[in-house]
Amino acid sequence: MTQNNVLLEVKDLKVSFYLTEATVRAVDGVNFSIEAGKTLGIVGESGCGKSVTARAILGMVRRPGKIIGGEVLYHRAGQTIDMAQLDPEGPEIRSIRWGEIAMIFQEPMTSLSPVHTIGNQMIEAVQLHKSVSKSAAEAVSVDLMRRVGLPYPERLLKSYRHELSGGMRQRVMIAMALTCSPRLLIADEPTTALDVTTQAQILDLMRDLQEEYNMAIMFITHNLGVIAEMADDVIVMYLGKEVEVADVDTIFHSPSHPYTQALLRSIPRHDVDVQRLETITGTVPDPTAVPKGCAFHPRCRHFVPEACLTPPSLLQVADDHQVRCTRAYEINEHLAAAQTE
């Protein structure tokens, strides 16, 4: 990664939720960088800290949650801002949030207002960050809706959210996120609620807009198939920690963490004739009762008490490839030997 082209650096980010019965470490020392014009994919099951990480970047963690450590370094025009230190309701972070770093959510039905027209919400979003008249903001809104492939945008501006299909609502959310030509777009499960055809259209749209705007994307999903299509680099998260970090080709062709390997085995493949997909044993543990040592060990087929009950560090197994597994070298040597037999 070219250091001069790094847009955002997250260093040792920690977010905890202070509940009555326990304290939950939702994000526990995560590190990554996002380069301008590139896509970082963050993948993992529900409850692994992906969305909390995204919200922490934008200062959108609400009580009882709190950022308790780390840095979120945003680089712009010769200036570096630690967004983790800004007042989450202050003017500085609000000028960055949506203006320079925008976010689209999994379910636009809950993000769009039910009592205001699409036009009112679009125009307000434009005027919030640009000093333009209402008519000029409306023209910008129409143009953006055309760019995201929405038909008859003038008519749609007068519509309410319930009058639009799921795919149209998601396109509206993307258009709203692009009102200020953000340098980074955070997409939190943006296609999960969509059918396969609409999902493919939204992914194509995001790739086209990324190229047009030279925009970085942080793409959060549980779907490795989407990661394969969208990402340049990938972080696999489990219970608030990154367990594997590599480029997308390495993740799919040389995965080194048992969790990543298990996720890949559970994906349907057209080139393999199987009667039944493999599943990962068990579920993500309760975050108030994280297992001792490696958090994945209760579900891992390679569990060995003497190795796996010690908290693992993030190992550098190759250039730009890190794995949080004490037995990573041993497991991969065994797998490589099995493949050559």
Next on the checklist: Please count how many residues of region 136-194 are within 13 Å of GLN121 (Cα to Cα) and either touching a Cys at 6+ places or on another chain (Cβ under 6 Å) or among the polar types (S, T, N, Q) (or both).
Outcome noted: 3
Item to check | Subset of region 268-291 (residues that are modelled with pLDDT under 90 and surrounded by 14 or more Cβ atoms within 10 Å (Cβ to Cβ)) | outcome: ILE280, PRO287
Checklist entry - If you take just the helices (runs of 4 or more DSSP H) that sit entirely in region 118-187, which of them hold at least 3 residues that are assigned by TED's automatic domain parsing to the domain that holds PHE105 and open to solvent by 60 Å² or more (accessible area, probe 1.4 Å)? => result 118-129, 134-147
Item to check | Test: SER51 is closer than 25 Å to ASP232 by Cα, open to solvent by 30 Å² or more (accessible area, probe 1.4 Å) and part of a strand (DSSP E or B) | outcome: no
Checklist entry - Is one or more of the residues making up region 59-74 assigned to a strand (DSSP E or B), open to solvent by 70 Å² or more (accessible area, probe 1.4 Å) and touching an Asp or Glu at 6+ places or on another chain (Cβ under 6 Å)? => result yes
Next on the checklist: On the basis of being assigned by TED's automatic domain parsing to the domain that holds LYS14 and modelled with pLDDT of 90 or more, does ALA246 make the cut?
Outcome noted: no
Checklist entry - Filtering region 91-116 down to residues that are surrounded by fewer than 17 Cβ atoms within 10 Å (Cβ to Cβ) and among the β-branched types (Val, Ile, Thr), which residue is modelled with the lowest pLDDT? => result THR110
Item to check | When residues of region 224-253 are limited to those that are in contact (Cβ under 8 Å) with a residue 60 or more places away in the chain and open to solvent by 40 Å² or more (accessible area, probe 1.4 Å), the one farthest from ALA295 (Cα to Cα) | outcome: ASP232
Checklist outcome for this item: Note on region 23-48: residues buried (at least 21 other Cβ atoms within 10 Å of the Cβ) and in a loop (DSSP other than H, G, I, E, B) are GLY44, CYS48
Next on the checklist: Among the residues of region 155-172, what is the count of those that are hydroxyl-bearing (Ser, Thr, Tyr) and within 12 Å of LEU112 (Cα to Cα)?
Outcome noted: 2
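The values are calculated or read from the model by the stated rules, or taken from the named source; none is laboratory data. No experiment lies behind these values; they were computed from the predicted model shown. In this analysis, Cβ positions are derived from the backbone assuming ideal geometry, glycine residues included, and neighbour counts consider all displayed protein chains. Calculation scope for accessible area: heavy atoms of the full protein, side chains included, ligands and nucleic acids excluded. Shrake-Rupley method; radii C 1.70, N 1.55, O 1.52, S 1.80 Å.
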